[in-house]
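Mind having a look at this structure? Questions to follow.
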Amino acid sequence: MQLLKNKFFIISAVVWLALLAFPLFVSSPFYFHLMILIFLYALLAGAWNILGGYTGQVSLGHAVFFGIGAYSSTLGLVNLGINPWLGMLAGGVIAVIISLIIGYPTFRLRGHYFVIATIALGEIVFVLFTNWEWAGGAVGKTLPFIEPGLKSFQFGPKAPYYYIALSLLTIQLAVTYWMQRSYLGYYFQAIREDQDAARSLGIDISHYKLVAMGFSAFFMAIGGSFYAQYVMYIDPESVLPMMLSIQVCLIAILGGVGTIAGPVIGAAIMIPLAEYSRALLGGSGSALDLVIYGLLIMIIAVAKPSGLMGLITGK
């Protein structure tokens, strides 16, 4: 086991150094865009994994927190003139507060009842933002073009976005690693395996579910803010769709829930697969890209329920 851990850290360090050097050898905007999407979705799947993977609370409404992050930084800049970096942090804090408010009553539900509650929550928030004129309504909001630079969170080339996305993912992975190695990780896993047994051992189930929810919501919101600054336009269809919640869930499951590297591996496979299949087949209008995309996910899920990390660890 120790040898496996050492190999994991060595491989991780080599991959991270290679990613740092990537912009020095690649100039194609498409590959920059692809890598940025991989980092972003790995961040989102890792955020979902904190709640869904470590505590076993499967949520299909996490797009709510992504949207909160996107709208917080965008509305802060457009309507209030707040720096987007401050808007990003504000979005994370707001997402945590809202996650605690909605988590307290919904965590009384178990299994598919909790899943249904998160779906309903996502649809309610989607409708609210669609009809909220101050937030742009169904039309959405376009970010103004201002002087490029780190302060304005706007850049001409894609390389700065690449490094920011990589940095955010690195922070999320570091926090997850700390969490997994601390008492929180043991409590989360105990809740996932058997809530009644965990309660009998003196673990405050509701409290630690809320802790996991808060961390998960924060990083989802951070990802939403980054997305808004990257594409420069948001609307309910782009930042609050249920499909986003499903997609980040599938990425984590494919890579391996309850693991640090699982969401990263899942994103590194699913995002290029989605982009290339959409480019090759999506233009036909027959949605063959979605069929192939879903079929491959089903095959991997049936063949290896523990995800791709199970192939590496042999579990």
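Looking at segment 17-62, which of the residues that are hydrophobic (A, V, I, L, M, F, W, C) and part of a loop (DSSP other than H, G, I, E, B) is nearest to the chain's Cα centre (by Cα)?
Within segment 17-62, the first condition is being hydrophobic (A, V, I, L, M, F, W, C), and the residues that meet it are 17-22, 24-26, 30, 32, 34-40, 42-45, 47-48, 50-51, 58, 60.
With the extra rule that they be part of a loop (DSSP other than H, G, I, E, B), the set shrinks to 26, 58, 60.
Numbers: VAL26: 26, VAL58: 14, LEU60: 12 Å.
It comes out as LEU60.
Still on this structure: Given the conditions (1) farther than 25 Å from VAL93 by Cβ; (2) among the hydrophobic types (A, V, I, L, M, F, W, C); (3) at pLDDT 90 or above; (4) surrounded by 24 or more Cβ atoms within 10 Å (Cβ to Cβ), which single one is not true for ILE265?
Against the list (1) farther than 25 Å from VAL93 by Cβ; (2) among the hydrophobic types (A, V, I, L, M, F, W, C); (3) at pLDDT 90 or above; (4) surrounded by 24 or more Cβ atoms within 10 Å (Cβ to Cβ), ILE265 comes up short only on (4).
Mind checking which pairs have a first residue in segment 130-151 that is without any contact (Cβ under 8 Å) to a residue 60 or more places away in the chain and a second that is in a loop (DSSP other than H, G, I, E, B) and not hydrophobic (A, V, I, L, M, F, W, C), Cβ under 6 Å, 6 or more apart or different chains?
ILE146/SER152; PRO148/GLY156
Condition check: modelled with pLDDT under 95 and either acidic (Asp, Glu) or more than 22 Å from TYR41 (Cα to Cα) (or both). Does PHE155 satisfy that? Show your work before the answer.
Details: modelled with pLDDT under 95: yes; either acidic (Asp, Glu) or more than 22 Å from TYR41 (Cα to Cα) (or both): no.
Considered against the rule, which asks whether it is modelled with pLDDT under 95 and either acidic (Asp, Glu) or more than 22 Å from TYR41 (Cα to Cα) (or both), PHE155 comes out as no.
With the requirement that a residue be surrounded by 18 or more Cβ atoms within 10 Å (Cβ to Cβ) and part of a helix (DSSP H, G or I), what does segment 153-183 give you?
TYR161, TYR162, ILE164, ALA165, LEU166, LEU168, LEU169, GLN172, LEU173, THR176, MET179
Do we have any residue at all in segment 63-70 that's in a loop (DSSP other than H, G, I, E, B), in contact (Cβ under 8 Å) with a residue 60 or more places away in the chain, surrounded by 18 or more Cβ atoms within 10 Å (Cβ to Cβ) and out of contact with any Ser or Thr (no Cβ under 8 Å at 6 or more places or on another chain)? Spell out how you get there, then give the answer.
Residues of segment 63-70 that are in a loop (DSSP other than H, G, I, E, B), as a first pass: none.
For segment 63-70, residues in a loop (DSSP other than H, G, I, E, B), in contact (Cβ under 8 Å) with a residue 60 or more places away in the chain, surrounded by 18 or more Cβ atoms within 10 Å (Cβ to Cβ) and out of contact with any Ser or Thr (no Cβ under 8 Å at 6 or more places or on another chain): absent.
Which residues, counting only those in segment 104-145, are small (Gly, Ala, Ser) and either within 18 Å of the chain's Cα centre (by Cα) or modelled with pLDDT under 90 (or both)? Steps first, answer last, please.
Restricting attention to segment 104-145, the residues satisfying the condition of being small (Gly, Ala, Ser) are 111, 117, 120, 122, 135-138, 140.
Hits for segment 104-145 are GLY111, GLY122.
Quick check on TYR276: is it among the hydroxyl-bearing types (Ser, Thr, Tyr), modelled with pLDDT of 70 or more and under 30 Å from LEU75 (Cα atoms)?
Values: among the hydroxyl-bearing types (Ser, Thr, Tyr): yes; modelled with pLDDT of 70 or more: yes; under 30 Å from LEU75 (Cα atoms): no.
Here the answer is no, as TYR276 does not meet what is asked.
In segment 241-260, how many are small (Gly, Ala, Ser), crowded, with 24+ Cβ neighbours inside 10 Å and outside any helix (DSSP H, G or I)? Outline the logic, then answer.
Initial filter on segment 241-260 (small (Gly, Ala, Ser)): 245, 252, 255-256, 258.
Checking the rest, the ones that are also crowded, with 24+ Cβ neighbours inside 10 Å come to 245, 252, 255-256.
Next, from what is left, pick out any that are outside any helix (DSSP H, G or I): 256.
Of the residues in segment 241-260, 1 are small (Gly, Ala, Ser), crowded, with 24+ Cβ neighbours inside 10 Å and outside any helix (DSSP H, G or I).
To keep it simple, each residue is scored yes or no on (1) among the aliphatic types (A, V, I, L, M); (2) touching a Leu at 6+ places or on another chain (Cβ under 8 Å).
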{"position": "GLN195", "(1), (2)": "no, no"}
{"position": "ALA198", "(1), (2)": "yes, no"}
{"position": "HIS207", "(1), (2)": "no, no"}
{"position": "LEU210", "(1), (2)": "yes, yes"}
{"position": "SER216", "(1), (2)": "no, yes"}
{"position": "GLY223", "(1), (2)": "no, yes"}
{"position": "TYR227", "(1), (2)": "no, yes"}
{"position": "GLU237", "(1), (2)": "no, no"}
{"position": "ALA252", "(1), (2)": "yes, no"}
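Only residues that are at negative phi and either surrounded by fewer than 18 Cβ atoms within 10 Å (Cβ to Cβ) or touching a Gly at 6+ places or on another chain (Cβ under 6 Å) (or both): list them for segment 79-88, please. Break it down into steps so the answer makes sense when it comes.
Pass one, segment 79-88, residues at negative phi: 79-80, 82-88.
Residues satisfying the conditions are ASN79, LEU80, ILE82, ASN83, TRP85, LEU86, GLY87.
Could you look through segment 127-152, keep only residues that are polar (S, T, N, Q) and more than 29 Å from LEU19 (Cβ to Cβ), and pick out the one that is surrounded by the most Cβ atoms within 10 Å (Cβ to Cβ)? I'd like the intermediate steps shown before the answer.
To start, the set of residues in segment 127-152 that are polar (S, T, N, Q) comprises 130-131, 142, 152.
Filter once more, so that each one left must be more than 29 Å from LEU19 (Cβ to Cβ): 130-131, 142.
Numbers: THR130: 17, ASN131: 11, THR142: 14.
The qualifying residue surrounded by the most Cβ atoms within 10 Å (Cβ to Cβ) is THR130.
Where the second residue is aliphatic (A, V, I, L, M) and the first is free of Cβ contacts under 8 Å to residues at least 40 places away in the same chain and lies in segment 253-282, which pairs have Cβ atoms under 6 Å and are six or more apart or on separate chains?
Taking only residues 6 or more apart or on different chains, the pairs are SER277/ILE292; LEU281/LEU288.
The values are calculated or read from the model by the stated rules, or taken from the named source; none is laboratory data. Note that the structure is a prediction, hence the values are computed from the model and not measured. Virtual Cβ from ideal backbone geometry, glycine too; neighbours counted across all protein chains shown.
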